[in-house]
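Here is the structure we will look at.
Rule-based calculations on the coordinates, nothing more; no lab input. Computed from a prediction, not measured in an experiment: that's the story for all the values here. Cβ placement follows ideal geometry from the backbone for every residue including glycine, while neighbour counts extend to all protein chains displayed.
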Amino acid sequence: MTAREHSRSHPHSKLRDSLLALTMGDPAGIGLDITLKAWTERSNWGLPPFVLYADFEAVAERARLLGLAVPIALADDFDQAATDFADALPLRNVPLEAPVRAGHSDAANAPAIISAIETAVADVIAGQVSAVVTNPIAKATLYAAGFVHSGHTEFLAELATRLVPGRPWVPVMMLVSDELRVVPLTVHVPLASVPGALTRELVLATARITHAALRQDFGIAAPRIVVAGLNPHAGESGSIGREEVDIIAPAVAELSAQGLAVSGPFSADSLFHAAARVRYDAVVAMYHDQALIPLKTLAFETGVNTTLGLPFVRTSPDHGTAFDIAGSGAASPHSLVAALRLADTMARRRAATT
């Protein structure tokens, strides 16, 4: 393992246009594993260049543990980092407080985990990188250090508000695979609290943000969105719950009247089979598992989590830290690979339309 430091100034290059920021996530989890694996297979997967925001020693040690020969180029110049990517893993050093043991998360490292995310977002806002890709975090570890957000998505929205003030940024989670795009209307909400969290305004805002993203980030000129019901059989005209009649259907009618191709509510149990999926571009589901179960069933290793409604592109692997296999070599990089490629595609599309 070698490190090469660069402090030279280089002219802007075409490679720089697609340079991504990749955060380390929890360094005790599989984020470092899949990052190192992805870089070693970068040519086979046609990966865009990325800079890893992480602790140098932690990355070097994980590479040794996995038996991977990965040179590291300390990245203090973004143009040079894009050039270095072909031969070394560019790294923005984010020092950790405590040594990393694979599989054993340490709250002492929470400030650095948070700092990596903050720095990557600041760099994309400044135009130094084109998008942010985040490796998985362990929220319990961050909570022990005073983290107040319910997840990555909410924290990114707070950063957007802080760094790009002047308007409210409303984050919308979308799960993406080749087979399906699905948006959970409510995310990290206890199931018992979901009915009370549903409002007409939430359906309207979520569908509009989804529609705009399908056009801008996914290149779909006339997006088709279907909305799932909350209750079995979409409430059976109010006989199995009133949410569809009182909240969801009126919102869908308003969106349709405004010219958006939004339809529903439909029974969720018949929305996700192959014949149904050809009739829409995205589903707005009512709660977390209603959205994630079909996505993970169809594309467990290749699903991507992306956050819509922000002033920058953000994607993430659609899995957690998997502490039980960290450092073992068993973790698959396929979801991270998909997240990197999607971030690059979305950023290029967004740049072309703004």
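Between helix 200-216 and the chain, what is the angle of the helix's C-alpha long axis to the longest principal axis, kept within 0 to 90° and rounded to the nearest 10? Taking the Cα atoms of the chain, the angle to 200-216 is about 50 degrees. The residues neighbouring His233, those whose beta-carbon lies less than 14 Å from its own, together hold a net charge of -3 under the Lys/Arg +1, Asp/Glu -1 convention. When the Cα convex hull of the chain is projected onto planes of every orientation, the mean area is 17.9 nm². Think of it as helices only: each DSSP H run of n ≥ 4 in the chain is worth -39500 (n - 2.57), and spread over all residues that comes to -10500 deg cm²/dmol at 222 nm. Counting neighbouring beta carbons within 10 Å and listing from fewest to most, the residues Asp55, Asp281 come out as Asp281, Asp55. Looking at the chain alone, DSSP beta bridges between its own residues are antiparallel in about 25 percent of cases. Taking Cβ atoms as reference points and 13 Å as the exclusive limit, the residues near Thr306 contribute a net charge of +2, counting Lys and Arg as +1 and Asp and Glu as -1. Axis of helix 334-352 versus longest Cα principal axis of the chain: the two differ by about 80°, to the nearest ten degrees. Distance from the alpha carbon centroid of the stretch 47-113 to that of the stretch 269-314 works out to 31 angstrom.
Cβ crowding within 10 Å ranks Arg167, Arg162 as Arg167, Arg162, fewest other Cβ atoms first.
In the chain, the longest principal axis of the Cα atoms and the axis of helix 152-163 are about 80 degrees apart.
For the stretch 70-159, the convex hull drawn through the C-alpha positions has a volume of 111 cubic angstrom per residue.
Which one of Ser263, Ser193, Ser328 has the biggest mean-square fluctuation once the chain is modelled by GNM with Cα springs under 10 Å? Looking only at Ser263, Ser193, Ser328, the biggest GNM fluctuation is shown by Ser193. When you count the other C-beta atoms within 10 angstrom of each residue and take the mean per peptide, 89-96, 265-272 line up highest first as 89-96, 265-272.
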